[in-house]
Amino acid sequence: MDEINDYASYLATEKKASENTMCSYLRDVRQFAEYCGREGLDLIRATRTDVGGYIRYLTGCGKSVSTVTRAAASLKSFYGYLVRLGKVAVNPARGVAPAKVERKLPQILTSKEVELFLEQPERGDPKGCRDHAMLELLYATGIRVSELIDLNVGDLNLTVSQLRCTGKGKGKERVIPLYPAAVRALSEYLREVRPQLLESPSEPALFVNMTGKRMSRQGFWKIIKHYQEKAGIQKEITPHTLRHSFAAHLLENGADLRSIQEMLGHADISSTQIYTQLVNQKLKNVYIKAHPRA
């Protein structure tokens, strides 16, 4: 449909949405368009009742609260775009409120679990050296996996132990310090391994796969799962687990929320404050276990 294709262009060029955001929003809008087709509704002339019916339909299908909430947000954005174009008079998704999302505290690794996890790659072979550098960088900076695989060699300044990272949306650049172990791992990878893996000397990607191409999200996900199993850690580890652990450990050791917000690239500090809840919960658990009258 032309309106959806035009909306995709709008997200990419004007909103400068990330690839993940675009995929999610467009998938939600297309699924609603399919629903409209089945129900004999017109996507452009959909009413608030129609959108509300779809939200209830998703809930009835057993979709999670977060999935339903995201679908409502996607439709609100799509119809808001159509309102600005003058193609619809009123946004039918405005005011459609699915059940509130129950925000779960993120799972983190303990410091000992992080050490165990980072020790798993065999640094004597090219793949292990590369994997070790990736994992050290992820925990050192707390960047998102999408940011990790988008990094270019020029984003590193190992002389001053810093990483330049461009986050969600163009222009949202931040500089994050690197601890010495991460600098050593990256230096070894850049000196000894990356030149061997490259298919083309002009490849800018910092991290490449074994065929010399830029590392993919799927490839990195498999690496994470491999080392989780190798370490025997029972917690479910995702790339975001290291991001959460980075933030929580900084907070536990005295870092202020504003600094953590800046390093994580959060637009709103409310996104960062969840780590305060996590640390408070940990303190409460320690208190209950340790206090003789708790």
Checked against (1) in contact (Cβ under 8 Å) with a residue 12 or more places away in the chain; (2) under 21 Å from residue 91 (Cβ atoms), residue 65 satisfies every condition except (2)
Return yes when residue 261 is surrounded by fewer than 17 Cβ atoms within 10 Å (Cβ to Cβ), part of a helix (DSSP H, G or I) and under 16 Å from the mean Cα position of the chain (by Cα) and no when it is not. no
Mind listing whichever residues of the range 217-244 are hydroxyl-bearing (Ser, Thr, Tyr) and over 14 Å from the mean Cα position of the chain (by Cα)? 227
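Looking at the range 38-88 only, could you name the residues that are under 19 Å from residue 2 (Cβ atoms) and among the aliphatic types (A, V, I, L, M)? Reasoning before the result, please.
Step one: filter the range 38-88 for residues under 19 Å from residue 2 (Cβ atoms), giving 41-46, 74-75, 77-88.
41, 43, 44, 46, 75, 82, 83, 85, 88, listed by residue number.
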The one condition in (1) closer than 30 Å to residue 172 by Cα; (2) without any contact (Cβ under 8 Å) to a residue 40 or more places away in the chain that residue 289 fails to fulfil: (1)
Scan the range 236-258 for residues that are exposed (fewer than 13 other Cβ atoms within 10 Å of the Cβ) and over 21 Å from residue 119 (Cα atoms) and jot them down. 253, 254, 256, 258
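Considering the range 236-246 alone, what residues qualify as being not hydroxyl-bearing (Ser, Thr, Tyr) and not in a helix (DSSP H, G or I)?
The answer is 236, 237.
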Could you pull out the residue among 155, 150 that is under 16 Å from residue 208 (Cβ atoms), acidic (Asp, Glu) and open to solvent by 50 Å² or more (accessible area, probe 1.4 Å)? 150
Residue 156: in contact with a Lys or Arg (Cβ under 9 Å, 6 or more places away or on another chain), of a type in the set (A, V, I, L, M) and in contact (Cβ under 8 Å) with a residue 60 or more places away in the chain, yes or no? no
Residue that is most open to solvent (accessible area, probe 1.4 Å), among those in the range 110-147 that are touching a His at 6+ places or on another chain (Cβ under 7 Å) and at pLDDT below 95: 123
Being outside any helix (DSSP H, G or I), surrounded by 15 or more Cβ atoms within 10 Å (Cβ to Cβ) and of a type in the set (S, T, N, Q) is the filter here, so list the residues in the range 182-235 that pass it. 209
For residues in the range 172-181 being in contact (Cβ under 8 Å) with a residue 12 or more places away in the chain and closer than 18 Å to residue 160 by Cβ, which is surrounded by the fewest Cβ atoms within 10 Å (Cβ to Cβ)? 180
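The values are calculated or read from the model by the stated rules, or taken from the named source; none is laboratory data. Here the structure is a predicted model, which is why all the values come from computation and not from measurement. Please note: Cβ atoms are built from the backbone with ideal geometry, for glycine as well, and neighbour counts cover all protein chains shown. Each accessible area value is taken on the protein alone, full model and side chains, heavy atoms only, with ligands, DNA and RNA left out. Shrake-Rupley method; radii C 1.70, N 1.55, O 1.52, S 1.80 Å.
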